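This report refers to the structure that appears directly beneath it.
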């Protein structure tokens, strides 16, 4: 994909704020024609947009915990073949977990990976971690969790891509 133009950034920002917004509404908001938005949106969907999604009110869906889990792998120090086998088994297990919304390798805090998962309550989370450790624990030196109470009233800034929209377009 060629460099993203200012118009493309404005289209992306508009879609980050509201992915249901029509091409006509986007065109009016950013000052270009509707066919321009339609054409550029189609290209962006091929080259720069992974998916359209919504951000639910997790508690309304029954999720009370968001957990960030950090892992330190033994296999990072092993042979390339063993590392490949470990990553494949880990990938298969993670893909099968519908409550895991992201799992990636990382750097920092002496950890090599992290995942974010959602849970209805502590018992569900505890069972999830038992299953995780039974399946993948043989590959791990350390596992640390940060548990966020989504129903606790201490959210200072809710998760929303609208903040990112302002950031990429340079708005304060």
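In deg cm²/dmol, rounded to 500, what helix-only [θ] at 222 nm does the chain give when every DSSP H run of at least 4 residues adds -39500 (n - 2.57) and the total is split over its residues?
After summing the helix terms and dividing by residue count, I get -13000 deg cm²/dmol.
Under the definition of Cα pairs under 8 Å and six or more residues apart, what whole-number percent is the relative contact order of the stretch 6-54?
Rounded, it is 34 percent for the stretch 6-54.
Can you grab the distance from the C-alpha centre of the stretch 40-74 to the C-alpha centre of the stretch 107-172, Å, no decimals?
Centre-to-centre (Cα) distance: 11 Å.
List, largest first, the extents of the alpha carbons of the stretch 6-54 along their principal axes, each in whole Å.
Projected onto the principal axes, the Cα atoms of the stretch 6-54 cover 25, 20, 16 Å.
What is the stretch 58-149's relative contact order, in percent, from Cα pairs under 8 angstrom and six or more apart in sequence?
Computed value for the stretch 58-149: 50 percent relative contact order.
For Cα pairs less than 8 Å apart in space and 6+ apart in sequence, what is the mean separation divided by the residue count of the chain, i.e. the relative contact order in percent?
32 percent.
Since every read-out is calculated from the coordinates, none of them should be taken as a lab result. It should be emphasised that the depicted structure is a prediction, and the values quoted were computed from it without experimental measurement.
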